[in-house]
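Colleague: One structure follows; several queries about it will come next.
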Amino acid sequence: MNKIIIYTILFLSVCSFESKAQQLLIESYSGFNIPNYSPENISEKTGYAPLGIRLAGGIHHAQVGLEYFQGLKAADYTYLADANDEIRELSFTNSYRGIFFRGNASSLPAYRSGFVLRLGAGYHDIEINDNNPEKPGGTLLNLDKVPGYNVGVGISNPIYSILHFTFSYNYHLVVTDDLTDLVLIDNGINLNYHSIQVGLSVNLVFGNTRKKCRRIIESERGR
């Protein structure tokens, strides 16, 4: 219940901030997530594609906002059980929601190419399933609200007016320190992963900031 209250407060704060923002960002993205699991008894890992959305508001070069993504399919991997050296085929399903800070180093972020830095924090919902056709075990673990942090770097490039193409590399740190007493976690497995993302974003600019940007663009066209 406390986590729900915290997320509600964060959501209302972001909405209040965006209502007065100079710039709003709406971005949808997909890509490929590459598991970075350890220990050694996990092998033959496969990645999976996420589908996500970001909504943020702020000043011209920096925004804060909310993010959500859902894995479109499970990531499969092979697990060698310690007890009897049994090889098991497992799958990992992941979804995420959180908040983030975004900075853009472009001279006119809504209209020109720029280097983007993003920092985020939130929660993962994780499900691990047994895919062994001979000994199906169903859901082995269902982990809700696992804390996570992420950092991303990339570029934002205009396609037409305020519509941008985005490309970024991201690393997600999934905090499993409190999960050491669960099956599959007892040998120090982590659930971290790399993420290569591509997307489309709309960058809306308002007020004096928009007027200033238009004056700069028009003056450069007149040269």
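Colleague: Find how much the distance from LEU141 to THR78 grows on full extension, using 0.36 nm per residue of separation minus their present alpha carbon separation; answer in nm with one decimal.
Modeller: 21.1 nm
Colleague: So if each residue of separation counts as 0.36 nm, and I subtract the Cα-Cα distance between VAL175 and ILE159, what length gain in nm does that give?
Modeller: Fully extending the segment from VAL175 to ILE159 adds 2.0 nm.
Colleague: Here is a follow-up. Modelling each spin label as a point 7 Å along the Cα-to-Cβ direction, I'd like the ILE196/ALA105 distance in nm, to one decimal.
Modeller: With each label point 7 Å from Cα toward Cβ, the separation is 2.2 nm.
Colleague: Take peptides 161-168, 117-124 and line them up by average Cβ neighbours within 10 Å, highest first, as a rough protection proxy.
Modeller: Ranked by mean Cβ neighbours within 10 Å, highest first: 117-124, 161-168.
Colleague: May I ask you to evaluate 6.51 cos²θ - 1.76 cosθ + 1.60, the Karplus curve with θ = phi - 60°, for each residue of region 46-61 and list the ³J(HN,Hα) values in order in whole Hz, giving x for glycine and proline?
Modeller: Taking θ as phi minus 60°, the curve returns 10, x, 7, 9, x, 10, x, 9, 10, 9, 8, x, x, 8, 4, 9 Hz for region 46-61.
A short reminder: the numbers here are calculations on the coordinates, not readings from a lab. Being a predicted model, the structure only gives us computed values, none of them experimental. So basically every Cβ, Gly included, is an ideal-geometry build from the backbone, and we count neighbours across all protein chains shown.
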